[in-house]
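Every number here is computed from the coordinates shown, using simple stated rules; none is lab data. Predicted model only: the values in this text are computed from it and were never measured. No Cβ is skipped: glycine too gets one built from the backbone with ideal geometry, and neighbour counts run over all protein chains shown.
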Amino acid sequence: MASQEALQRHYASDGIAPRILAALRAQLGDVPVTPALLAPLDHFHGRGLAATEEMAALLAPRPDEHLLDIGSGIGGPARWLAATFGCRVSGIDLTREFCQAAEALNEATGLSERVRICQGDALDLPFPADSFDKAYSQNVVMNIAVKRGFYVQALRVLRPGGLLALSNLAQGPAGQPYYPTPWSPGPDTSFLSSAAATESDLKAAGFLQIYVQDRTDRLRAFYDEQRERLKTHGPPKLGVHVLMGERIKEYQRNVARSVEEGRLLALEITARKAAA
Ligand SMILES: C[S@@+](CC[C@H](N)C(=O)[O-])C[C@H]1O[C@@H](n2cnc3c(N)ncnc32)[C@H](O)[C@@H]1O
């Protein structure tokens, strides 16, 4: 599909894992590579590790559970959850170069047994029904035009009673956001829903107990803090610019401005599959 190719061109680059590991070593020396040390570089969504920690509190993974990360990027959240909670995590992502980087970083952190990544489409998940205890997706649904299809697939692979947690950026009341953004070069590969449409799509897909929380204030506060830190300390050496290149700075400025002007909302969502 043309839009999927455009998306992969937006995200992909060569040599991601070696670049990340070299940046880490340049700052910290020859230390053991852990998900915590990698966190500034491999949680590719607004508010990074802080947002993953909040989502983890909602998911409350147990060591005997198997989670699915839909749109797992280079695998930072999956590795961090597996290392922190002892659970298994499978990830799926459209971008081949991201999946390769995820596998290499799983290896570097010694987590290959508990974190598995495959390349594929969230709209056609290659897993049997009822396979996962919990599933999550952070800053991915904005790339998906057919949102109900995404939610139907997530529901199918969750076990009865399983929980889905989502961090979605959504359309604000003040019009389209400024592009390019971290998830899209322009409006052709960006599909922002409203909070109400998200709830209705989840309901139509068959989810129950749907809770949608507006977390835009937290994202706004994060960008305010980032601006202050930049003034005092200058740009950080370790950040998602190592993954995406210096272009990320323009993307992040556009998100911060869009949030400020009411063009983007940050939603935190949980929904449950009916018990058997
Ligand atoms: C902004 S990144 C977020 C990555 C990861 N969730 C994280 O928070 O670190 C969005 C990711 O969604 C993936 N993606 C977009 N459309 C997809 C699809 N149809 N199926 C699977 N992954 C998709 C992209 O390849 C990219 O890795």
For GLU261, project a label point 7 Å along Cα to C-beta. Then give me every residue of the range 176-196 with its amide nitrogen under 11 Å of that point.
176-179
Explain nothing, just compute: Karplus ³J(HN,Hα) = 6.51 cos²θ - 1.76 cosθ + 1.60, θ = phi - 60°, for every residue of the range 261-274 in order, whole Hz, x for Gly and Pro.
8, x, 8, 9, 10, 10, 10, 10, 10, 10, 8, 10, 7, 4
If R0 is 41 Å, what FRET efficiency do you get for LYS231 and ALA274 from their C-beta distance, rounded to 0.05?
0.20
What distance in nm separates the simple spin-label points at SER194 and ALA22, each placed 7 Å from Cα in the Cβ direction?
4.8
Which ³J(HN,Hα) values, rounded to whole Hz and listed in residue order, are derived for the range 87-96 from phi using the Karplus coefficients 6.51, -1.76 and 1.60 in 6.51 cos²θ - 1.76 cosθ + 1.60 with θ = phi - 60°, glycine and proline given as x?
7, 9, 9, 9, x, 9, 8, 6, 8, 4
Kindly write out, for the range 122-139 in residue order, the coupling ³J(HN,Hα) from the Karplus curve 6.51 cos²θ - 1.76 cosθ + 1.60 (θ = phi - 60°), rounded to whole Hz, with x marking Gly and Pro.
4, 8, 8, 5, x, 10, x, 4, 6, 7, 10, 6, 8, 9, 8, 8, 10, 6
Hey, how much of the P(r) for the range 113-200 falls beyond 23 Å, as a percent of Cα pairs?
29
Taking H placed 1.01 Å from N in the peptide plane, check which residues at least 5 places from ARG263 or on another chain put their amide H under 5 Å from its amide H.
ALA174
Give the calculated FRET efficiency between GLU246 and VAL31 to the nearest 0.05, with a Förster radius of 25 Å applied to their Cβ-Cβ distance.
0.45
On a straight-distance basis, which lysines could pair with LYS134 in a cross-link, Cα separation under 22 angstrom, same-chain partners fewer than 8 positions away excluded?
LYS147, LYS203, LYS273
Span per principal axis, largest first, for the Cα atoms of the chain (Å):
52, 46, 36
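Helix-only mean residue ellipticity at 222 nm, the chain, DSSP H runs n ≥ 4 weighted -39,500 (n - 2.57), per residue, nearest 500. What is it?
Details: 11 runs with 123 residues, N = 276.
Rounded to the nearest 500, the figure is -13500 deg cm²/dmol.
Among DSSP bridges having both ends in the chain, what percentage is antiparallel? Round to the nearest 5. Could you put the intermediate results ahead of the total?
Numbers: 15 of 34 bridges.
Expressed as a percentage, antiparallel bridges in the chain total about 45.
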Inverse of <1/r> over all distinct C-alpha pairs of the range 81-233, i.e. the Kirkwood Rh in Å, gives 17.5
Protection-proxy order for peptides 249-261, 160-172, each taking the mean of Cβ atoms within 10 Å per residue, highest first
160-172, 249-261
Roughly how many Å is it from the Cα centre of the range 34-71 to that of the range 97-176, as a whole number?
12
